[in-house]
1. Quick one: pull the percent of accessible area on the chain belonging to carbon and sulfur, 1.4 Å probe, ligands and nucleic acids left out.
2. Let me know the charge dipole size of segment 58-122 about its Cα centre in debye, to the nearest 20, where only the beta-carbon of Lys, Arg (+1) and Asp, Glu (-1) is charged.
3. In percent, what relative contact order does segment 43-179 have, based on Cα pairs under 8 Å that are 6 or more apart in sequence?
4. Students often forget the sequence filter, so: which lysines lie under 25 Å Cα-Cα from LYS181 once same-chain residues fewer than 8 apart are removed?
5. Rounded to whole Å, give me the distance from the Cα center of segment 168-247 to that of segment 40-64.
6. With +1 on each Lys and Arg Cβ and -1 on each Asp and Glu Cβ, how big is the dipole of segment 114-220 about its Cα centre, in debye rounded to the nearest 20?
7. Given the Cα-Cα distance of VAL237 and SER215 and 0.36 nm per residue of separation, how much length would full extension add, in nm?
8. Sort LEU171, LEU104 from largest to smallest accessible area, using a 1.4 Å probe on the heavy atoms of the protein chains.
Amino acid sequence: MALKESEAIVLRTYPLRESDLLVTMFTRSEGKVRGVARAAKKSIRRFGGALEPLTYVRAYYEDRERQELARLDSFEVLESPLASEVGYARAVALAHVAELLDELLPDREANDAVFRLALSVLARLRGADVWMPVTYFELWMTRLMGYLPELSECMVCGRTLNGSRAYFHALSDGLMCPEDKRLASSEISAESRTLAAQMFRAPVESFAGVPWPKSQGADLRKFLIQTLQRNIEKKLVTAGMLEKIGS
């Protein structure tokens, strides 16, 4: 069978036998693909540093008849996260992007919009200032996966929320007005809702260079993570790690 070729983003690798690796990658042409890199721990020529998570590569692989896992032949590095210093905040943010892609994307389903989003956000995750690209990625992933509710009206009564206070709850699908909020709800500010609207109208590059502390958009990120976790029915490990990072 002829080798397939595709741009791809490496998501995760796991040891498999003595020198093999089980690799999950997000390909541009076929979506999420899982495969085995034979002797990957020994073959610098075929893989080198291309198997680090979030490395942007050109992947060569083939599917094997009646087998779920592809055979990974070789990777060519196009862009590596290791080209810039990897401090703790950046390492956690990169892991968060990888976890969201792995958990939210189905196998073997191409999604060029998500692929382009991932590349643009990774290009902004170069230093310790992670909160803007993380917020942008969470927001757009929630929308592209079809999980984002309407942010401008109350899910209970349908009242327009523009200019009024709004609340969300871990067990509810949308935002609520003050009269219809549930017990133990959290508030999402008008500023964060405006920020979300701005992010839907502009590329991530347009928000670069502006100071962005952890507190900015924190309520929006909490709302997005709760929405994602409710839909995938599991906790996102890296979301908790992000919360423990200082401002």
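The values are calculated or read from the model by the stated rules, or taken from the named source; none is laboratory data. None of these values were measured; they are calculated from a predicted model. Glycine also receives a Cβ, built like all others from the backbone with ideal geometry; neighbour counts cover every protein chain displayed. Please note that ligands, DNA and RNA were not included when accessible areas were found on the heavy atoms of the full protein model with its side chains. Shrake-Rupley method; radii C 1.70, N 1.55, O 1.52, S 1.80 Å.
1. Answer for the chain is 50 percent, counting heavy atoms of protein chains only.
2. Computed about the Cα centre, the dipole is about 140 debye.
3. 15
4. Result set, ordered by chain and number: LYS222, LYS234, LYS235.
5. Each part's Cα centre sits 35 Å from the other's.
6. Approximately 240 debye in magnitude.
7. Here the answer is 5.9 nm.
8. Heavy-atom accessible area, descending, gives LEU171, LEU104.
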